[in-house]
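Asks: Pasting in a structure now, in structure tokens, and then I'll have a few things to ask.
The values are calculated or read from the model by the stated rules, or taken from the named source; none is laboratory data. These numbers come from a predicted model, not from an experiment. For the accessible areas, the whole protein counts, side chains as well, though only heavy atoms, and no ligand, DNA or RNA atoms are used. Shrake-Rupley method; radii C 1.70, N 1.55, O 1.52, S 1.80 Å.
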Amino acid sequence: ATLRHWTTTTQLIPWFVLGICTIGVLIVGIGSSRQMIRVVRFTALVGAIGGLYGLFIHVQSNYDAAILDYRYTDRWPTMSLTSKLWAASTGQVGPSPVMAPAVLTQVGVCMFLATLRHPRLVGAGQDAPAMARAKLAEASAPSTVDSPAMVPSPID
């Protein structure tokens, strides 16, 4: 990307996405407020969508340039659509690396996963299992009213 990825506006998209994702990673690392964690989730979405768009553009570029590849010049017109798309998406033809934008998508997904069950989102400094145990203990506490219909639990 650093060699030739700044000549058109479309080629600047990955740099923008990388900058946004870097900011998101820093926010997760610092561990700030609930609102900022939600902002990180949004930046993760931007990163994933940017990567998917780049993946589409790279496959399309490879598909369009495939006829120029000496190995495929004769057989490209007779290949099935599935075979053409496979060749373009695996990098067998064309100049564009398909895995480069796929990494941006992976960064977005990893950033989103890093915010799942984040301590700032669960609330009040408790994680979800601790909150569930507290609710369970509260529910199983003996009541002050003795009811004849109350049957002891087999767990007790």
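Asks: Let me check something: with ligands and nucleic acids excluded, how do ILE30, ILE37, ILE23, ILE13 order by accessible area (1.4 Å probe), largest to smallest?
Replies: Final ranking, largest accessible area leading: ILE30, ILE23, ILE13, ILE37.
Asks: Please compute, for the alpha-carbon atoms of region 42-109, the extent along each of the three principal axes and give them in descending order in Å.
Replies: 46, 19, 13
Asks: Continuing with this model, one more query. Accessible area per residue, 1.4 Å probe, Å², for region 1-111: what's the number?
Replies: Result: 63 Å² of accessible area for each residue.
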